[in-house]
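For reference, the structure discussed in these notes is given below.
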Amino acid sequence: MIRLGNVSKKFPTGNSALSDVTFSIDKGEFVFVVGPSGSGKTTLFRLFIREYIPTEGTIHIGEWDIGNLSDKYIPLLRKKIGVVFQDLKLLRDRTILENVMLPLDVVGMDDEEAEKKAIDILDQVSILDHKDKFPVQLSGGELQRAAIARALVFSPEILIADEPTGNLDATTSWEIVKLLHDINKTGTTVIMATHNTDIINSLAKRVLVLDKGKLVADEKKTPKEHKKD
Ligand SMILES: Nc1ncnc2c1ncn2[C@@H]1O[C@H](COP(=O)(O)OP(=O)(O)O)[C@@H](O)[C@H]1O
Ligand SMILES: [Mg+2]
């Protein structure tokens, strides 16, 4: 459902973020994207949602040629692909419920319906108890869940999480990965950028490895034996 053919992205500054990247991701897959800081992970995600246009190559999401997509389809594209950005982008002066309702309000859904939908999703990600709190009152893991909830409001076919465990302790990180895994089990394609080698090595998932903008490996991990001690 996602196909990249020889994609490169250069910025006007001369920075080259991706070069000649080719891969496909099938519907329903769970894929890790790994690579050091600056290797092009976030750029890749911004290309998917047409925040950036590739300098070279083609990106297809389903039938759509993203680089040449007519502007009128961009809102639809961004409903198909839910993104949890590294900085979460939760509004500090809105409650968690209001934050999750916001994308629904923007598309004109009536308040009652939007609230019902937001409540369902907050329940699904297990933070319904915190719905009336403000972001500053939540822990890192809870904030991550709130941002995931907001990314799910349009029931996207693809969910992208950009380093969702970057600021979390090991236990909380695993809980977030478990949540993403559960979302994947419902049929949503999940793509997660991470540096967390424990998580990557423990799960038998596909791993795309970026280094300086190049795809240097595309492999399926075999889970390590858990030590019996
Ligand atoms: N808007 C931009 N303008 C110029 N350079 C950028 C822009 N976005 C990203 N880059 C550069 O592209 C490279 C890849 O960045 P990024 O995709 O953010 O990597 P990662 O998410 O793996 O840390 C870096 O060298 C970064 O400085
Ligand atoms: Mg990044």
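Looking at the stretch 85-93, is at least one residue crowded, with 18+ Cβ neighbours inside 10 Å and on the phi < 0 side of the Ramachandran plot? Yes, there is a match, as at least one residue in the stretch 85-93 is crowded, with 18+ Cβ neighbours inside 10 Å and on the phi < 0 side of the Ramachandran plot. Taking the stretch 1-83 and the strands (runs of 3 or more DSSP E) fully enclosed by it, the elements with 3 or more residues that are within 15 Å of ligand 1 (Cβ to nearest atom) are at 2-10, 16-25, 30-34.
Kindly list the number of the only condition in (1) surrounded by fewer than 22 Cβ atoms within 10 Å (Cβ to Cβ); (2) under 20 Å from SER126 (Cα atoms); (3) away from ligand 1 (no atom under 16 Å from the Cβ) that fails for ASN167. Every condition holds for ASN167 apart from (3). Here ALA161 meets each of (1) touching a residue at least 60 places away in the same chain (Cβ under 8 Å); (2) more than 16 Å from ligand 2 (Cβ to nearest atom) with one exception, condition (2). The set of residues in the stretch 170-202 that are away from ligand 1 (no atom under 16 Å from the Cβ), assigned to a helix (DSSP H, G or I), in contact (Cβ under 8 Å) with a residue 40 or more places away in the chain and out of contact with any helix residue (DSSP H, G or I) (no Cβ under 8 Å at 6 or more places or on another chain) comprises HIS181, ASN184. Within the stretch 128-158, the set of residues being free of Cβ contacts under 8 Å to residues at least 40 places away in the same chain, buried (at least 20 other Cβ atoms within 10 Å of the Cβ) and out of contact with any Leu (no Cβ under 8 Å at 6 or more places or on another chain) is empty.
Scan the stretch 104-126 and give yes if some residue there is closer than 20 Å to LYS178 by Cβ and among the hydroxyl-bearing types (Ser, Thr, Tyr), otherwise no. Walk me through it before giving the result.
Step one: of the stretch 104-126, the residues closer than 20 Å to LYS178 by Cβ are 120-126.
Now narrow it down to the ones that are among the hydroxyl-bearing types (Ser, Thr, Tyr): 126.
Looking through the stretch 104-126, at least one residue is closer than 20 Å to LYS178 by Cβ and among the hydroxyl-bearing types (Ser, Thr, Tyr).
Against the condition more than 28 Å from PRO12 (Cα to Cα) and not basic (Lys, Arg), how does GLU63 come out, does it pass?
On the way: more than 28 Å from PRO12 (Cα to Cα): yes; not basic (Lys, Arg): yes.
For GLU63, the condition - more than 28 Å from PRO12 (Cα to Cα) and not basic (Lys, Arg) - is met.
Screening LEU104 on (1) within 15 Å of ligand 2 (Cβ to nearest atom); (2) farther than 27 Å from ASN196 by Cβ shows it passes everything except condition (1). When the stretch 55-88 is limited to residues that are within 16 Å of ligand 2 (Cβ to nearest atom) and in contact (Cβ under 8 Å) with a residue 24 or more places away in the chain, the one that is farthest from GLY141 (Cα to Cα) turns out to be VAL83. Restricting the first residue to the stretch 90-111 and requiring it to be part of a loop (DSSP other than H, G, I, E, B), which pairs with a second residue that is small (Gly, Ala, Ser) meet a Cβ separation below 7 Å and a spacing of at least six or different chains? Correct list of pairs: LEU90/ALA146; LEU90/ALA147.
Would you be able to say whether some residue in the stretch 126-145 is part of a strand (DSSP E or B) and either out of contact with any helix residue (DSSP H, G or I) (no Cβ under 6 Å at 6 or more places or on another chain) or among the small types (Gly, Ala, Ser) (or both)? Steps first, answer last, please.
Filtering the stretch 126-145 down to residues part of a strand (DSSP E or B) leaves none.
No, the stretch 126-145 contains no residue that is part of a strand (DSSP E or B) and either out of contact with any helix residue (DSSP H, G or I) (no Cβ under 6 Å at 6 or more places or on another chain) or among the small types (Gly, Ala, Ser) (or both).
Taken over the stretch 26-54, the criterion of being surrounded by fewer than 16 Cβ atoms within 10 Å (Cβ to Cβ) and more than 16 Å from ligand 2 (Cβ to nearest atom) is satisfied by ASP26, LYS27, GLY28, ILE53.
Only one residue in ILE183, ILE127, ILE176 is aliphatic (A, V, I, L, M), over 28 Å from GLY62 (Cβ atoms) and away from ligand 2 (no atom under 16 Å from the Cβ), so which one is that?
Details: ILE183 fails: over 28 Å from GLY62 (Cβ atoms); ILE176 fails: over 28 Å from GLY62 (Cβ atoms).
Just one listed residue meets the conditions, ILE127.
Taken together, the values in this text are just the output of simple stated rules run on the coordinates, not laboratory data. Model, not experiment: these values are computed from the prediction. Cβ coordinates were reconstructed from backbone atoms using ideal geometry, including for glycine residues, and neighbour counts include every protein chain displayed.
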